[in-house]
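Below is one structure; the comments refer to it alone.
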Amino acid sequence: MPRKGGGRVAIREFLTFDRDLRRKLTRTEPTDWPDVVADAVEAQGQSFGKAIRKLLDADLITEDTALAEERRDA
């Protein structure tokens with residue numbers, strides 16, 4: 001995304017699929033996987049929203065950029 005002052009900055013959303021999460025998914029109906037993964041991202045990973053807030057707190061992006069990217073992700 002656009003970096004404050006010019007250039008671009010990477011944004012990362014991640015989730016580590018550890019043994020516990022893999023087991024939980026194998027015991028869950030596939031139709032429920034999106035909810036399980038979304039909950040896991042919030043609890044143990046980094047959501048797109050968290051990544052945006054980190055970049056904003058580090059003063060690497062503007063508030064306008066953060067708001068635009070959050071709206072685009074919604």
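Tell me which residues, restricted to the stretch 1-25, are of a type in the set (A, V, I, L, M, F, W, C) and more than 14 Å from ALA43 (Cβ to Cβ).
If the condition is that a residue be of a type in the set (A, V, I, L, M, F, W, C) and more than 14 Å from ALA43 (Cβ to Cβ), then MET1, VAL9, ALA10, ILE11, LEU25 are the ones that fit.
I want to confirm something. Restricting to the stretch 15-42 and keeping residues that are of a type in the set (A, V, I, L, M) and closer than 30 Å to LYS4 by Cβ, which single residue is modelled with the highest pLDDT?
Kept after step one, since they are of a type in the set (A, V, I, L, M), are these residues of the stretch 15-42: 15, 21, 25, 36-38, 40-41.
Subset that is closer than 30 Å to LYS4 by Cβ: 15, 38, 41.
On the way: LEU15: 94, ALA38: 90, VAL41: 91.
So, considering only residues that are of a type in the set (A, V, I, L, M) and closer than 30 Å to LYS4 by Cβ, the one modelled with the highest pLDDT is LEU15.
Looking only at the stretch 23-38, how many residues end up being surrounded by 10 or more Cβ atoms within 10 Å (Cβ to Cβ) and either touching a residue at least 24 places away in the same chain (Cβ under 8 Å) or more than 24 Å from LEU56 (Cβ to Cβ) (or both)?
9
Among the numbered criteria (1) within 14 Å of LEU67 (Cα to Cα); (2) modelled with pLDDT of 95 or more, which one does LYS50 miss?
Checking LYS50 against (1) within 14 Å of LEU67 (Cα to Cα); (2) modelled with pLDDT of 95 or more, the one that fails is (2).
Confirm whether GLY45 is without any contact (Cβ under 8 Å) to a residue 40 or more places away in the chain and loosely packed, with under 15 Cβ neighbours inside 10 Å.
no
Could you look through the stretch 1-21, keep only residues that are basic (Lys, Arg) and more than 19 Å from the chain's Cα centre (by Cα), and pick out the one that is surrounded by the most Cβ atoms within 10 Å (Cβ to Cβ)?
LYS4
The values are calculated or read from the model by the stated rules, or taken from the named source; none is laboratory data. Bear in mind the structure is a predicted one, so any value in this text is a computation, not a measurement. Positions of Cβ are generated from backbone atoms using ideal geometry, with glycine treated the same way; all protein chains shown enter the neighbour counts.
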